[in-house]
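The values are calculated or read from the model by the stated rules, or taken from the named source; none is laboratory data. All values derive from a computational prediction rather than experimental measurement. Quick reminder, even Gly has a Cβ in these numbers, built from the backbone with ideal geometry, and neighbours come from all protein chains shown.
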Amino acid sequence: MILLASDLHLCPARPGTVHLFERFLAGPARQAEALYLLGDVFEYWPGDDVLGDLADPFNARLCAAIQKVGAGGTAIFFLPGNRDFLVGADFFAATGARLLPDEIVVDLAGTKTLLLHGDTLCTDDADYQRFRAMVRNDRWRREFLALPWPERRARIEQLRASSEREKQGKPYEIMDVAAASVLAAFRCHEVGRMIHGHTHRPARHAVDIDGRPFERWVLPEWTERGGYLACDATGCRMIEWPN
Ligand SMILES: [Mn+2]
């Protein structure tokens, strides 16, 4: 079985969700052939030095828990989201996870499947796409990571606060994926299935495009409960966690 999850938004302030994830790692994830984490696993990741002395043991503990699952034989893949895209070499060394690019087509138990976080499909949200282009730039990344830790933390807090403010004034539809972008992605990658998170609107959308059937799975956000997708040769199923 191949498992996929995203949008856990783990942080020390959400011990319940952290506990759910740890139970998931110790349970279903260990039985799986592969685990795909499709972004926003962490609420924020201001640089890999959160694994070092600057951090509380929170991040290191979670990375060790992920590493243990990989050491047990489950292949772990990590596709960064808009909250945790600053994961770097130390993170991958600590977890043993393999970095995936923003968009990747994989053979998921026999079906060509496009995996992505989902934010790149939200193209009606021009403000967000401008912001994304800014922070996903190599120079921005280098300069940001060179800042002292407290300043990085403060900037992330500012960015989160302004994004929360902006979201409140935005219509619900604008923050969802744009139909035209979904269509373009299906056509461009010539896949029958797409899996993403980000919007926190879990669903299976079945659509016909150019007379052919397609399915798009949206992964749930984890709060007091979680959920993941389990796929094998017979297809995918959404599973609530704990189940
Ligand atoms: Mn996201």
Report task. Hey, could you check the stretch 173-218 for residues that are among the aromatic types (Phe, Trp, Tyr) and more than 16 Å from the ligand (Cβ to nearest atom) and say which is farthest from the chain's Cα centre (by Cα)? Result -> PHE214
Report summary line: Within the stretch 22-50, residues being modelled with pLDDT of 95 or more, touching a Gly at 6+ places or on another chain (Cβ under 7 Å) and away from the ligand (no atom under 16 Å from the Cβ) number 2
Requested in this report: Could you grab me the full set of residues in the stretch 108-125 that are at positive phi and within 14 Å of the ligand (Cβ to nearest atom)?
Outcome: GLY118
Query raised in the report: Which fully enclosed strands (runs of 3 or more DSSP E) of the stretch 183-235 have 1 or more residues being under 16 Å from ILE104 (Cα atoms) and without any contact (Cβ under 8 Å) to a residue 60 or more places away in the chain?
Result: 212-218
Query raised in the report: When the residues of the stretch 107-153 are filtered to those that are in contact (Cβ under 8 Å) with a residue 24 or more places away in the chain and of a type in the set (S, T, N, Q), which remaining residue is surrounded by the most Cβ atoms within 10 Å (Cβ to Cβ)?
Result: THR113
Query raised in the report: In the stretch 164-178, which residue that is assigned to a helix (DSSP H, G or I) and without any contact (Cβ under 8 Å) to a residue 24 or more places away in the chain is farthest from LEU51 (Cα to Cα)?
Result: TYR172
**Report entry** Qualifying residue in the stretch 51-62 (condition: of a type in the set (Phe, Trp, Tyr) and more than 16 Å from the ligand (Cβ to nearest atom))
**Finding:** yes
Report task. Determine whether GLY96 is more than 16 Å from the ligand (Cβ to nearest atom), at pLDDT 95 or above, under 27 Å from ARG136 (Cβ atoms) and not hydroxyl-bearing (Ser, Thr, Tyr). Result -> yes
Query raised in the report: Residues in the stretch 225-236: is at least one of a type in the set (Lys, Arg) and within 17 Å of LEU38 (Cβ to Cβ)?
Result: no
